[in-house]
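The values are calculated or read from the model by the stated rules, or taken from the named source; none is laboratory data. Treat the numbers as computed from the prediction; the structure is a model and nothing was measured. Positions of Cβ are generated from backbone atoms using ideal geometry, with glycine treated the same way; all protein chains shown enter the neighbour counts. For accessibility, only protein heavy atoms count, side chains too; no ligands or nucleic acids. Shrake-Rupley method; radii C 1.70, N 1.55, O 1.52, S 1.80 Å.
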Amino acid sequence: SFTGTAFSVADGYFVTNAHVVAGAERVTLRGAGSSARGTVVLFDPDLDVAVVRAASLRLPALVLADEAPERGAIGAALGHPNGARLTVLPAAVTAQVRARGRDLYGQAPVVRDILELRAAVEPGVSGGPLVLADGTVGGVVFAESRTDDAVGYALDPTAVAIAIEPGIGETDPADTGPCIR
């Protein structure tokens, strides 16, 4: 089993990273003292984002920021490092980067707008929100640096908002592709 973080974006709809749910036969969301079976209704291996529907899990929705936070913006990355309890990680945006790379499966070339963060991101925080001082989500955490324990990366909130929009209201399961672990 694999652990990641998700957050509510609409009643019964949660955002996480595609790599958190890739190949999953069963998705369980836990929060606010309850748990629910979820259905992946949108899976985007290029941006590395997914939408999970769990109609019975009612949590307040977070709002994605209208634009990417500038360098120097401060906030907190919320997540479950290594499956632990919810942890608040101080975070600051150090750069906005147009990153060239590969999709989730290392095949197709992709370009993503990402944020470099000064934050001690660990496995399990993937899919968690970067919450800014105004309470909006300034990015979706998706990776930690392989060379610096104090650096993490988040997806641009406007790219995420555009990508997840078709999943809000969707009820049919999406193909989550093969497992990547």
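Here are the numbers for the structure shown:
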{"read-out": "Qualifying residue in the stretch 162-171 (condition: of a type outside the set (D, E, K, R), in contact with an Asp or Glu (Cβ under 6 Å, 6 or more places away or on another chain), touching a residue at least 60 places away in the same chain (Cβ under 8 Å) and within 13 Å of A76 (Cα to Cα))", "value": "no"}
{"read-out": "Residue that is nearest to A76 (Cα to Cα) [pool: residues in the stretch 138-161 that are assigned to a loop (DSSP other than H, G, I, E, B) and open to solvent by less than 60 Å² (accessible area, probe 1.4 Å)]", "value": "A150"}
{"read-out": "Residues satisfying the stated conditions in the stretch 10-44, i.e. more than 16 Å from the chain's Cα centre (by Cα) and under 17 Å from G128 (Cβ atoms)", "value": "A32"}
{"read-out": "Selection within the stretch 103-137 - under 20 Å from V20 (Cβ atoms), exposed (fewer than 12 other Cβ atoms within 10 Å of the Cβ) and not aliphatic (A, V, I, L, M)", "value": "G106, Q107"}
{"read-out": "Subset of the stretch 107-130 (residues that are in a loop (DSSP other than H, G, I, E, B) and either closer than 15 Å to A143 by Cα or β-branched (V, I, T) (or both))", "value": "A119, A120, V121, E122, P123, G124, V125, S126, G127, G128"}
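Every residue, every condition in (1) closer than 20 Å to G31 by Cβ; (2) among the small types (G, A, S), yes or no:
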site	(1), (2)
S56	yes, yes
V63	yes, no
A95	no, yes
G101	no, yes
V110	no, no
A119	no, yes
G138	no, yes
